[in-house]
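Working notes for the structure below.
No value in this document is a laboratory result; all are computed from the given coordinates. Treat the numbers as computed from the prediction; the structure is a model and nothing was measured. Here the Cβ positions follow ideal geometry from the backbone for every residue, glycine too, while neighbour counts run over all protein chains shown.
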Amino acid sequence: MSRLSIQQIRGVADLIHDTVAGSVDAIEETHQAIARKQFALLKQIDPIAAPVRTLEHIERNIAGGVYQSIRLTNRLAATVATQVLNWLEEAGDSPRP
Amino acid sequence: MSSQQHGLSEPTPQWTEWGISVLNGMIGDYLHHRRNSLAIDMACYHRNRPLPLTTADLLRVHPNPGAKLCILLHGLGCNEGVWAFSDTPPDNPDSSYGTLLQRELGYTPFYLRYNTGLPVADNGKTLATLLDNLLSCYPTHVDDIVLIGHSMGGLVLRSACHYGIRQDCQWVDKVRRVFYLGTPHEGAILEQLGHVAVTVLQTVPNPITQIIGKILDRRSQGVKDLRSGSWLAEDGLDDDLEVGRPDHRGAAPWLAHARHYLLVGTLTEDPDHALTLLLGDALVRLPRAYGQSPLAAGSGPAPNPHIKIFPKVDHIRLAHDAKVYEQIKLWCGNE
């Protein structure tokens, strides 16, 4: 059975980072599109239009914050993975005593 | 640095190489543009390693190089392992069309591995240059080249011949025969259906279907090129092509001085069976006018067309089937 090389693991790590980043963007876009639709419907009812607007604002901020934290975590994980792989590569290259 | 340049000790592609090849087929253009180290660079492969194109390396691999070359090009999401009859290395006796042709007819085989997610035309251009480099460092004079392409590999070969002529490559004049095994000259039904599905999903005004359509649309340009069998950069991207409309943008002649052979499989014994008419070899349908000259819409007749149908040989098996090899050998033996 063959093993993945450091370079291949680096490629997999990059791909996971790209996939998570792309997925978060797509999910946030879809989430917002669905939420906008529901809030637009509710805002047509005059008595609750004002609180719905406030609620929409709060929802957008909370959801935006969650998505942003996932992006930051993803970036952090990618940086850590790069550092670990660099270290492993250097350790592999250095001559043994 | 690319994936194939690292620590591979197995003589044949293992699950990691197969996984990477499949990934390249699916999103290879993305990997290439992102400079991801999983992206495969086109190269000749020997025992699961890229073969440097130097005279010394070629002599190491082929100590008795002949004047006849055989170039084998795999299809979408595959690697040179697809040619193997069994689990033995493709350069072992009896294990692939290449080694059998070497032993029985004196052809020196070279197996290529490439990023099948890139546009077919890009791979064709790269192959044209690579074959020129191969010939320039080949230890002896070459007077006969046979090209064997499986599935998408056949389109890449046509593309390489086209760009080889344009780039005035010396190898093109030496090509005597080109074998297309299950090559979708008229497009692949699976990709045509995929395109319809993506179009419908993206048209429906629903965020969920649109996101699914968006994800499916991320498939590689190599896959999209299979919709109409595009192999010229001038064709533009297949995204612009309407479904069901014949593609006349790829109008370019077949390599005039070479003989072209189409080997196609079917799912059933009877080529006229409804299942075969619908699905062909499971991925590629029979040429519309098999037995006649027009092969691909707009590309004109192939000179001296030869088409052979192999009943009950599915798409992948076309690359490693004893009957298919016997036919290739027969045609290679005919002057």
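One table, with the values for the structure above:
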read-out: Built amide H within the under 5 Å cut-off of B:Val175, gap 5+; value: B:Ile145
read-out: Inter-label distance for A:Ala77 and B:Arg103, nm, one decimal - labels placed 7 Å from Cα along Cα-to-Cβ; value: 5.0
read-out: Angle in degrees between helix A:6-43 and the longest Cα principal axis of chain A, rounded to the nearest 10; value: 0
read-out: Beta bridges per DSSP with both ends in the protein assembly as shown, % antiparallel, nearest 5; value: 20
read-out: Inter-label distance, nm, simple model (7 Å from Cα along the C-beta direction), B:Ala56/A:Ala49; value: 8.2
read-out: Approximate spin-label separation B:Asp168-B:Asn64, in nm, with each point projected 7 Å along Cα-to-Cβ; value: 3.8
read-out: Förster radius 35 Å - calculated FRET efficiency between B:Gln202 and A:Arg60, Cβ distance, rounded to 0.05; value: 0.90
read-out: Helix A:46-93 axis, angle to chain A major axis (alpha carbon atoms, nearest 10°); value: 0
read-out: Residues B:Ser95, B:Ser151, sorted so that the one with the fewest Cβ neighbours within 10 Å comes first; value: B:Ser95, B:Ser151
read-out: Likely footprinting exposure, A:Ile45, B:Ile208, B:Ile148, A:Ile9, fewest C-beta neighbours within 10 Å first; value: A:Ile45, B:Ile208, A:Ile9, B:Ile148
read-out: Per-residue mean of C-beta atoms belonging to partner chains within 10 Å, peptide A:9-17; value: 5
read-out: Descending semi-axes in Å of chain A, equivalent ellipsoid built from Cα gyration tensor; value: 47, 13, 5
read-out: 10 Å Cβ neighbours from other chains, averaged over peptide A:18-27; value: 2
read-out: Unsatisfied cross-links (Cα-Cα over 25 Å) in the set B:Lys174/B:Lys329; A:Lys37/B:Lys214; B:Lys68/B:Lys329; B:Lys68/B:Lys312; B:Lys224/B:Lys308; value: B:Lys68/B:Lys312; B:Lys224/B:Lys308
read-out: Percentage of interatomic Cα-Cα distances in segment B:84-176 larger than 23 Å; value: 28
read-out: Shielding by partners - mean other protein chain Cβ count within 10 Å, residues of B:20-27; value: 1
